[in-house]
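Asker: Submitted below is the structure of interest, expressed as structure tokens.
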Amino acid sequence: MTAHPPGTTRRRLRIRRVSTIGLVLATALMTTGTPATAATPPHGAPALGPNVTVFDPGMPVAQIQATLDAAHAAQVDSEMGTARHAYLFKPGTYGTAEQPLQIKVGYYTEISGLGASPTDVVINGKVEVYNRCLADGGTANCLALVNFWRTLSNLSINVNAAGQDGCRSSANFWAVSQAVSLRRLNITGGNLSLMDYCTAGPQYASGGFIADSKLPSVTNGSQQQWLIRDSEVAGWSNGVWNQVFSGVVGAPDETGFPNPPYTTLDATPVSREKPYLYADARGRYQVRVPAARKGTRGVTWAGGMTPGRTLPIGDFFVAKPSDSAQVINQQLARGKNLLLTPGVYDIARSIEVKRANTVVLGLGHATLTAVRGSIPLVVADVPGVVVAGVTIDAGLHKSPVLLQVGTKHGQHRSSPANPTTLSDVYFRVGGPHVGKTGTALEVNSDHVLIDHAWVWRADHGVEGFTDTQRWNTNLGRNGAVINGDHVTATGLFVEHFQQYNTIWNGEHGTTILYQNELPYDPPTQADWMNGAVEGWAGYKVSDRVRTHNLYGAGVYVFNQNNPEIHTENGFETPSRPGIKLHHIMTVNLSAGTIDHVVNGVGEAADTTKVGVPVYLADYPPTP
């Protein structure tokens with residue numbers, strides 16, 4: 001979570017016990033849709049569990065609205081809860097000009113269309129996230145900085161604000177922070193605002209990812225960092241620290257950096273869109289697995305179905321949270337792919353993906369929780385595996401790793417044309433419960449694509465700890481360790497780990513948008529030392545690496561436990577011609593100091609310039 005920008009005051013936010021959860025700037029659910037677990041599912045439809053609701057365009061708008069209103073009421077404040085839900089829309093049109101469908105999206109909620117194309121499902125209305133109000137009975141301390149864990153994908157929104165007040169009618173609001181994705185959207189008829197300026201606003205937000213979408217004019221507003229990839233925009237306005245565009249038709253030019261703070265790549269070097277569930281013309285459920293591509297720009301669906309392969313739902317083991325890892329592994333060994341229905345899965349032994357081209361697709365933020373120090377998910381050194389829509393939590397006993405891709409000393413079998421891909425994969429160490437791990441994400445295979453990941457050691461939660469206790473209880477040494485060669489990350493968010501947040505050991509690595517907050521909670525400088533060096537960089541390129549590229553990156557400091565703590569560098573890299581960092585920054589969020597941006601270069605981000613970034617356009621500097 002990202003703290004407040006300049007000129008603002010800190011406010012303690014409390015949820016459940018006395019957990020500090022943030023900084024601010026400017027019921028069981030009863031569904032009335034068609035449960036996917038009906039005794040006799042529709043023809044071709046799998047049993048997707050009690051937490052998946054499928055809507056049909058023939059249903060009354062009022063009925064759908066009531067279901068989704070109840071869902072939002074149950075989830076809007078459930079930041080650390082265990083409920084997980086997916087709401088899926090069959091092809092057709094929902095809502096009318098006179099009676100629009102106005103959807104508000106809460107925690108751990110997926111809203112997705114079941115069309116082969118985003119244009120097959122049309123919402124006349126809005127799909128929105130507003131600032132969350134945390135004090136005075138839900139009327140004060142309103143912000144978007146903790147609006148995590150939600151998904152919107154594969155549909156069209158014809159923006160219709162009928163019945164909303166003047167401010168709410170001005171845009172479709174999507175005020176979110178990390179672990180939230182917008183994919184395969186077609187938004188028409190209005191504007192898209194990535195901040196909520198109506199609810200005690202404008203307030204700041206922190207995060208965001210859009211891919212494969214066609215959008216109207218976008219008001220970025222107070223979003224501190226954002227990545228939009230392989231999309232089309234009619235316009236883009238505003239920006240705070242890092243706004244990155246990769247393969248986006250209509251993207252603003254980056255001339256003048258850091259004013260505005262735009263980083264623009266004409267094409268994305270490597271991409272693969274996230275798999276999606278859809279119903280074909282006969283109502284049979286299929287999973288479309290998009291192909292990996294190089295040098296991409298714009299949406300994949302403009303000329304027809306997204307290029308790739310189609311897998312019938314019968315090729316998947318449809319798992320439920322009561323299924324053990326042993327049962328899941330037996331199905332994987334039989335050649336099945338894996339569809340994880342919404343819920344929390346206790347994983348006492350590793351789920352092992354050994355077969356090339358296996359798809360692991362989670363619905364509704366399906367969550368794997370380590371039990372007894374397990375590694376919840378292990379992917380072998382094989383090409384073409386896709387893991388998407390999965391959250392992985394550390395457990396009470398220390399795991400060496402939470403997700404391991406390839407083995408450290410394996411053969412690293414890989415395919416440049418068919419990279420193993422991680423899409424919308426999120427990690428938590430602490431938060432809903434105590435968590436302990438050595439490393440969250442370890443990538444050993446070559447040619448891996450990380451397409452949107454939030455790797456989070458929690459800075460707040462419901463464990464009941466003080467910040468000092470959290471340092472010694474919620475353990476996470478490193479967030480992401482990249483050992484493989486030719487690994488690409490598009491949208492990598494890593495926060496609060498206790499040593500290097502990201503270590504890049506592999507050759508020919510590329511990151512497009514990197515966001516990091518150093519840990520809030522080191523008790524003393526002695527607890528935050530890398531040998532004789534004060535602190536650990538937020539992004540470390542190993543000393544032996546010869547080629548690496550980084551585009552649009554920020555490291556933030558907020559040492560709230562001890563404001564006297566120093567970190568020598570935000571970034572550390574070898575000084576070689578093949579190491580190139582483009583548009584990087586550090587910023588102080590009101591406590592602690594980062595002495596330099598990279599390798600002793602750049603001014604200190606200290607408390608004399610709270611919220612004012614220290615930018616470097618290029619490192620090494622261009623002649």
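Asker: Taking region 200-218, which residues are surrounded by fewer than 22 Cβ atoms within 10 Å (Cβ to Cβ) and modelled with pLDDT of 95 or more?
Answerer: Residues satisfying the conditions are PRO216, SER217.
Asker: I've got another one for you. Anything in region 434-464 that is in contact with a strand residue (DSSP E or B) (Cβ under 8 Å, 6 or more places away or on another chain) and assigned to a loop (DSSP other than H, G, I, E, B)? List them, or say none. Steps first, please.
Answerer: Of the residues in region 434-464, the ones in contact with a strand residue (DSSP E or B) (Cβ under 8 Å, 6 or more places away or on another chain) are 435-445, 447-464.
Passing the criteria: GLY435, ASN444, SER445, HIS447, ALA458, ASP459, HIS460, GLY461, VAL462, GLU463, GLY464.
Asker: Assess whether GLY298 counts as being under 19 Å from VAL387 (Cβ atoms) and either at pLDDT below 95 or assigned to a loop (DSSP other than H, G, I, E, B) (or both).
Answerer: Working: under 19 Å from VAL387 (Cβ atoms): no; either at pLDDT below 95 or assigned to a loop (DSSP other than H, G, I, E, B) (or both): yes.
So GLY298 does not fit the description; no.
Asker: Any chance you could count how many residues in region 530-560 are of a type in the set (S, T, N, Q) and crowded, with 22+ Cβ neighbours inside 10 Å?
Answerer: 1
Asker: Listed residues VAL598, VAL555, VAL587, VAL610; which is β-branched (Val, Ile, Thr) and in contact with a Gly (Cβ under 6 Å, 6 or more places away or on another chain)?
Answerer: VAL555
Asker: Mind listing just one residue for me: the one in region 431-457 that is β-branched (Val, Ile, Thr) and over 15 Å from the mean Cα position of the chain (by Cα) and, of those, farthest from ALA356 (Cα to Cα)?
Answerer: VAL434
Asker: Also, I was wondering about something else. Does ALA116 satisfy the condition of being crowded, with 24+ Cβ neighbours inside 10 Å and at pLDDT 95 or above?
Answerer: no
Asker: Are there any pairs with C-beta distances below 9 angstrom linking a residue in region 609-623 that is on the phi > 0 side of the Ramachandran plot to a residue that is not hydrophobic (A, V, I, L, M, F, W, C), with the two at least 6 apart or on different chains, and if so which?
Answerer: GLY611/HIS4; GLY611/PRO5; GLY611/PRO6; GLY611/GLY7; GLY611/THR8; GLY611/ASN588; GLY611/SER590
Asker: Looking at GLY406, GLY461, which is the one that is at pLDDT below 95, crowded, with 24+ Cβ neighbours inside 10 Å, farther than 15 Å from ILE392 by Cα and not aromatic (Phe, Trp, Tyr)? Step through it out loud before you land on a result.
Answerer: Numbers: GLY406 fails: at pLDDT below 95.
That would be GLY461, the only listed residue that is at pLDDT below 95, crowded, with 24+ Cβ neighbours inside 10 Å, farther than 15 Å from ILE392 by Cα and not aromatic (Phe, Trp, Tyr).
Asker: Which one is nearest to the chain's Cα centre (by Cα) among residues in region 315-370 that are assigned to a strand (DSSP E or B) and charged (D, E, K, R)?
Answerer: My answer is ASP346.
Asker: Another question, then. Given the criteria over 19 Å from ASN220 (Cα atoms) and assigned to a loop (DSSP other than H, G, I, E, B), does GLN178 qualify?
Answerer: Working: over 19 Å from ASN220 (Cα atoms): no; assigned to a loop (DSSP other than H, G, I, E, B): yes.
Spelling it out, it is not the case that GLN178 is over 19 Å from ASN220 (Cα atoms) and assigned to a loop (DSSP other than H, G, I, E, B).
The values are calculated or read from the model by the stated rules, or taken from the named source; none is laboratory data. Note that the structure is a prediction, hence the values are computed from the model and not measured. Using ideal geometry, Cβ is built from the backbone for each residue, glycine included, and neighbour counts are taken over all protein chains shown.
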